Amino acid sequence: MQTVKSATTAGLLGIFLGQYGAHDWYLGKKVKGAIHVALAAAGVILVMVATIIVANMDEFRLSVYGPPAYAVAMYIVAYLVLFGNGIWGLVEGIILLTKGDAGLQAQGYTTALGTSTQKSTTNKVPAKTTAQAASSKAVAKPAPKPLDPKAKKKIIMWSCIGGGAFVVLCVIAIIFSLVFRIDYGESYRKANEVGEELSDLVDNTSACERVASYANSTWTSEKTYNDYVSKCFDSLDHDDSEIVELGKTSGVKRDKDIKAQYDKFKKAYDQAFPDRSNVEATLKVYKAWHTFVIKSNTASSAIKDDDAYRKAADALEESGNNTLVEYAEGWLERGLAYSKAYREYMEGSNKGTSATRTAMTEARTNFRNYVNQNEPDIEDIAEFEPGDVSDVYSTFKKLYNMISNAYEENYDGKGDCVELLDSVYCD
């Protein structure tokens, strides 16, 4: 026995809940009802996915560039689906109200109108003859046929496939948004590591300036100068892998403003520390020259000490530089000659005589002329220009501030910064 249906009820359900297929479910049209529900669910899921994507964006980039194109497309498709589905249900509801119970009865549904008509006919009209009854049955519209089981299976199968595909696409979209989310925390932590290295680098680079400036200074001790050389070499031959790793973090790679500042910093860094392949040999030459300066000054004070001259010359011979080695040989030869003439004048059997005095004066003049004419310029022999790190430090400071500010706006709560009320502060 068929349930009595009301066109008014079906129409109102279509007008107010048509996007969920309430009127179709009421009339027993399960396939259409399922389609309405699927469309409504698809629209809601698309809105949720797009909202998640936009919510995970950097506020600054969102305010400047707006939401990404694929998020906007999701919103458009979602609202079109929801709007179209709602209009579809509304129109069907209006049609049901317009046609009334007669329209439902024409479609084979049992309505209140059909029941009252049947009772009225029974009370007022004589019973039909057998022939009339047969004719009436022939004219009456047959009841709707049930859906073919094969067709029903296909509808269910394709509905499952379509629903599954849609869910997969939604999951992919969510994963895509999470994978490509900018992690400023990673960049912030790596920038802190680079900052610590640069701090030491700046201190050590000042040592390079001293290496170049104090190469001829007799006031700078050999130990102090060697410390400058060691620190300078550490700064010029340090490992820059941390800087490279900073450039690979998502905060630097995917934020174009931060990426532009990183490129400026890297350029300044590369200019300040160009080619370090020959630094060790260059610093070795400077170290040898300063040692010679100190020891030759000692030899000049102890004129008659041949060992003092030899120690000074040995420093240059160990430098590995041909020019310095050649100079050391000539310098040692004339220095020893002067030392010998000085001893003859001061301590020899003929000390104090005019001949020994003349010999000593000639040896000293010969020695001094050789130094004045042949003393090499260390800057010409081993050109060394310490890198200017002022630009490196200033460009990095700006880069660090940009990363820090971006991280404050997108703080992930991992304890790198301080949370105070509704604000986050990063050093």
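Quick rundown of the values:
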item	result
Output for the range 311-337, where each listed residue is open to solvent by 20 Å² or more (accessible area, probe 1.4 Å) and either β-branched (Val, Ile, Thr) or closer than 22 Å to GLU362 by Cβ (or both)	THR323, VAL325, GLU329, LEU332, GLU333, ARG334, LEU336, ALA337
Matching helices (runs of 4 or more DSSP H) fully within the range 228-310 where at least 3 residues are in contact with a strand residue (DSSP E or B) (Cβ under 8 Å, 6 or more places away or on another chain) and crowded, with 19+ Cβ neighbours inside 10 Å	none
Tally, over the range 338-361, of residues that are among the polar types (S, T, N, Q), part of a helix (DSSP H, G or I) and open to solvent by 70 Å² or more (accessible area, probe 1.4 Å)	1
GLU379 under 27 Å from VAL229 (Cα atoms), free of Cβ contacts under 8 Å to residues at least 24 places away in the same chain and open to solvent by 70 Å² or more (accessible area, probe 1.4 Å)	no
The range 405-417 - residue that is touching a strand residue (DSSP E or B) at 6+ places or on another chain (Cβ under 9 Å) and at pLDDT 80 or above and, of those, surrounded by the most Cβ atoms within 10 Å (Cβ to Cβ)	TYR407
For ASP388: the one exception among (1) in contact (Cβ under 8 Å) with a residue 24 or more places away in the chain; (2) assigned to a helix (DSSP H, G or I); (3) open to solvent by 70 Å² or more (accessible area, probe 1.4 Å); (4) not basic (Lys, Arg)	(2)
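Listed here are the residues, each with its yes/no results for (1) out of contact with any Leu (no Cβ under 9 Å at 6 or more places or on another chain); (2) modelled with pLDDT of 85 or more; (3) open to solvent by less than 60 Å² (accessible area, probe 1.4 Å).
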| site | (1), (2), (3) |
| --- | --- |
| VAL77 | no, yes, no |
| PHE83 | yes, yes, no |
| GLY86 | yes, yes, yes |
| GLU92 | yes, yes, yes |
| ASP101 | no, no, yes |
| GLY108 | yes, no, yes |
| THR111 | no, no, yes |
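The values are calculated or read from the model by the stated rules, or taken from the named source; none is laboratory data. This one's a predicted model, so the numbers in the text were calculated from it and none came from an experiment. A quick note on method: Cβ atoms are made from the backbone with ideal geometry, for glycine too, and the neighbour counts reach across all protein chains shown. Surface accessibility is based on the protein's heavy atoms, side chains included, excluding ligands, DNA and RNA. Shrake-Rupley method; radii C 1.70, N 1.55, O 1.52, S 1.80 Å.
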